[in-house]
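Reviewing the structure listed below.
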Amino acid sequence: MLERLEYAEEVEASWETVVLLHGAASHSGQWRSLIDRLRGDYRIIAFNQFGYGRSPRWNADQAMTFADQAQPIIDSLKAEHRPFHLVGHSHGGSIAALIASRVPERIKTLSVYEPNAFGILKCDSSSDVLPLAEIRAQFGDLEEHRSNIERYPLFAEELLNFWLGAGEWSRLPVRLREQLIAMMEPTIGEVYAALNSPINLDALKTIQAKVSVLYDPLTPPLARAVSEHLCQMMPSCHVHTFEGRGHLAPIFYAEQVNEVIVEHIINGG
């Protein structure tokens, strides 16, 4: 049985529950401003994934999958007596989509910003989307990266430049670079999950809750395709775009993104 994931819980109100799932190389604290917006009107649960905060590291023999990350969250929420709102960013968005597909009757609304579930796409060289095989090749041998701490800075740079554009790593403050490098061990496991974890597309079609998929139309083509494809699978889905705000908009442009998420939570349920 897996250990319980750490989560912060706001219980100032006995209203509906909002569950928050952070992105890779981040932690539950990324939702601080959204929690401030919701505090007092909703019960808020913000999880830390494996390897972040005080949550246990993933130390199983096999590589981690979305399902491995989703199941402890589903188990923790079994006591919820009413459907809950689910919000996820990047890797957390993929986990949120998987949770919604497994317990669709328990989801009141789903909001995801640029989920990274690359494995759902069938890409080939004739597509206008960068082939999945090329993405895998770009990130190299993930097990070798994970087992060699000296590779962490280079991998962090490659990952951030993939999402934000060439040269963006060098523009980050040194302190932020150091923080990202320190999170590379769990992040490498999450990249493996993003590239290899299946999500049952037929199960996504059973989600009747209102869904909001948010993304920057200028994000890497493969990432945009994931967002668009997921939305096509879910019956009550609509898209909201943030042009020029990038993959980290829920962190760097939290006020703008949170405005859309809060409106969806209030009016989508």
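The values are calculated or read from the model by the stated rules, or taken from the named source; none is laboratory data. As the structure is a computational prediction, the values presented were derived from the model and not from experiment. No Cβ is skipped: glycine too gets one built from the backbone with ideal geometry, and neighbour counts run over all protein chains shown.
Laid out as a table, the results:
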{"read-out": "Enumeration of residues in the stretch 172-216 that are of a type in the set (D, E, K, R) and in contact (Cβ under 8 Å) with a residue 60 or more places away in the chain", "value": "Glu185, Glu190, Lys210, Asp216"}
{"read-out": "Residue within the stretch 46-61 that is assigned to a helix (DSSP H, G or I) and modelled with pLDDT under 95 present", "value": "no"}
{"read-out": "Search result, residues across the stretch 155-186 that are part of a loop (DSSP other than H, G, I, E, B) and closer than 16 Å to Tyr52 by Cα", "value": "Met183"}
{"read-out": "Single residue of Thr206, Thr219 found to be farther than 25 Å from Val262 by Cβ and not in a helix (DSSP H, G or I)", "value": "Thr206"}
{"read-out": "Lone unmet requirement of (1) more than 21 Å from Ala254 (Cα to Cα); (2) in contact with a Gly (Cβ under 7 Å, 6 or more places away or on another chain); (3) not β-branched (Val, Ile, Thr) for Ser90", "value": "(1)"}
{"read-out": "Inter-residue pairs, beta-carbon under 7 Å, first outside any helix (DSSP H, G or I) and in the stretch 255-269, second surrounded by fewer than 18 Cβ atoms within 10 Å (Cβ to Cβ), 6+ apart", "value": "Gly269/Lys108"}
{"read-out": "Candidate set from the stretch 76-99 (those that are at pLDDT 95 or above and farther than 24 Å from Phe242 by Cα); member that is surrounded by the most Cβ atoms within 10 Å (Cβ to Cβ)", "value": "Ile99"}
{"read-out": "Contacts under 6 angstrom Cβ, first residue in the stretch 136-157 being assigned by TED's automatic domain parsing to the domain that holds Val174 and surrounded by 14 or more Cβ atoms within 10 Å (Cβ to Cβ), partner of a type in the set (D, E, K, R) and in a helix (DSSP H, G or I), 6 or more apart", "value": "His145/Arg151"}
{"read-out": "Residue in the stretch 233-243 that is of a type in the set (Gly, Ala, Ser) and either under 17 Å from the mean Cα position of the chain (by Cα) or in the same structural domain as Gly140 (by TED's automatic domain parsing) (or both) present", "value": "no"}
{"read-out": "Single condition Ile74 does not satisfy, out of (1) touching a residue at least 40 places away in the same chain (Cβ under 8 Å); (2) more than 12 Å from His22 (Cβ to Cβ); (3) in a helix (DSSP H, G or I)", "value": "(1)"}
{"read-out": "Filtered residues of the stretch 40-56 (kept if touching a Ser or Thr at 6+ places or on another chain (Cβ under 7 Å) and hydrophobic (A, V, I, L, M, F, W, C))", "value": "Ile45, Ala46, Phe47"}
